Amino acid sequence: MEKKKARNLPLIQEFNWELTSVVKRQWMRNRLMQLEEQIVGYHCQAFEIKRQRLKWLKFSSKKEREMEARKLANERLRLQNERMVLLLRKKEMESIDFQQGSVVHQNLCQILRKIRFRVDGGEYKKIPMTCTCTRVVSWNAI
């Protein structure tokens with residue numbers, strides 16, 4: 001029996017070596033598959049991150065365009081408001097000038113009446129209250 005064991009010992013060792021070599025190769029294949037799966041998983045994550053980044057860029061650029069359009073609209077409204085304020089100030093000035101001009105005009109008409117009264121020989125004549133000058137007042141300017 002000892003001889004059989006001695007004879008079988010190299011066969012058993014060879015079998016064990018082949019078995020361990022097969023197990024090692026199988027383990028290496030499994031490990032290689034795991035690493036490849038990890039690599040594919042990392043590629044999937046990278047793709048998803050890139051997709052999300054592009055989606056964000058699309059969204060943010062759209063929002064920036066909308067914000068720029070709102071800024072331009074606000075600027076346009078601000079300029080319109082400023083224009084209206086300037087127009088109102090102009091109308092106020094024209095109104096003040098018209099009122100002052102009207103008072104000056106009335107004063108000039110009274111002076112002219114007095115001069116006409118004196119030129120007519122000092123005779124008292126009733127001078128009409130209507131103005132005889134050629135001043136035309138444009139009501140459209142108010």
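The values are calculated or read from the model by the stated rules, or taken from the named source; none is laboratory data. From a predicted model like this one, the values you see are computed outputs, not experimental measurements. Every residue, glycine among them, receives a Cβ derived from its backbone with ideal geometry; neighbour counts consider all protein chains shown. We work out accessible area using only protein heavy atoms, side chains counted, and drop any ligands, DNA or RNA first. Shrake-Rupley method; radii C 1.70, N 1.55, O 1.52, S 1.80 Å.
Calculated FRET efficiency, residue 75 to residue 97, Cβ-Cβ distance, R0 = 22 Å: about 0.10 to the nearest 0.05. Expressed as a whole percent, the accessible area of the stretch 48-108 that falls on carbon and sulfur atoms is 60 (1.4 Å probe).
For the stretch 34-89, the calculated P(r), taken from all Cα-Cα distances in 10 Å bins from zero up to the bin holding the longest distance, is 20, 21, 17, 14, 12, 9, 5, 2, 0 percent.
Note on residue 21 and residue 65: the model spin-label points, each 7 Å out from Cα along the C-beta direction, lie 6.7 nm apart.
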